[in-house]
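Notes to accompany the following structure.
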Amino acid sequence: MNDSLQLEVHDLEVPVLTGIYSEETHLPQPLRISMTVDLDCPDHFAPDTPLSGSKNYMDLKHAATTALPQGVHFTLIEGVADHICDTLFLQDKRVRRVMIRIVKLAIAEGGESIGITLVRHRR
């Protein structure tokens, strides 16, 4: 059995231009984005292991916020998820798998979570 390391960032609220309906296409919609990133895992983490031995959580946050292109309209939230995955794979060759969950907050009427989960593996 292989060791594994998962980094997680959950419940980021990010305004993104997305949607297919006319009322969705001119203003950013609030999305709740969560991600789990599988990394190659070293044999051991010593007390003095530097940050380079893992990955900075802020890189994950960046991929789901400031790395999203401003002014670009994503027809589907699946495209948003793919862009985040691509960013994470480009950032670090140790990233093996990315799971992105996106909830469209604007369409919830009773507090339900409506959205997608996309899982991509490094190819």
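The GluC sites (Glu not before Pro) of region 24-123 that meet both conditions, a loop assignment by DSSP and at most 16 other Cβ atoms within 10 Å of the site Cβ, are GLU109, GLU112. For CYS41, CYS85, the ranking by accessible surface with the largest value first comes to CYS41, CYS85, using a 1.4 Å probe. Accessible surface computed residue by residue for region 61-123, with neighbouring protein chains in place and a 1.4 Å probe, gives 57 Å² per residue. Separation of region 56-123 and region 1-28, taken as the distance between their Cα centroids, equals 4 angstrom. Helix content alone sets the calculated 222 nm mean residue ellipticity of the chain: runs of n ≥ 4 DSSP H residues at -39500 (n - 2.57) each, divided across all residues, give -5500 deg cm²/dmol.
Scan region 1-74 for chymotrypsin sites (Phe, Trp or Tyr not before Pro) in coil per DSSP, keeping those whose Cβ has at most 10 other Cβ atoms within 10 Å, and list them by number. Can you show the working numbers first?
On the way: sites: TYR21, PHE45, TYR57, PHE74; in loops: TYR21, PHE45.
Within region 1-74, the qualifying chymotrypsin sites (Phe, Trp or Tyr not before Pro) (loop, at most 10 other Cβ atoms within 10 Å) are TYR21.
Figure note: LYS104, LYS93 ranked by solvent-accessible area, largest first, 1.4 Å probe, ligands and nucleic acids not counted: LYS93, LYS104.
Cross-link partners of LYS55 among aspartates and glutamates, defined as those whose alpha carbon lies under 15 angstrom from its own and excluding same-chain residues fewer than eight positions apart: GLU8, ASP38, ASP40, ASP92. Where [x] 43; [y] 31; [z] 22 are the candidate values, the label of the one calculated here for percent of Cα pairs over 24 Å apart is [y].
Compute, for ILE20, the solvent-accessible surface of its heavy atoms (probe 1.4 Å) with the complete set of protein chains present, and express it in square angstrom to the nearest 10. Its accessible surface works out to 100 Å², give or take rounding. For the chain, the share of accessible area belonging to carbon and sulfur comes to 52 percent (1.4 Å probe, ligands and nucleic acids excluded).
Report the FRET efficiency, 1/(1 + (r/R0)^6), for HIS121 and HIS44, where r is their Cβ-Cβ distance and R0 is 25 Å, rounded to 0.05.
Values: r = 25 Å, r/R0 = 1.01.
Here the calculated transfer efficiency is 0.50.
The values are calculated or read from the model by the stated rules, or taken from the named source; none is laboratory data. The shown structure was predicted, so the numbers you read here are calculated from the model rather than taken from an experiment. Note that we place each Cβ from the backbone using ideal geometry, even for glycine, and neighbour counts take in every protein chain shown. Remember, those area values only see protein heavy atoms, side chains included, never the ligands or the DNA or RNA. Shrake-Rupley method; radii C 1.70, N 1.55, O 1.52, S 1.80 Å.
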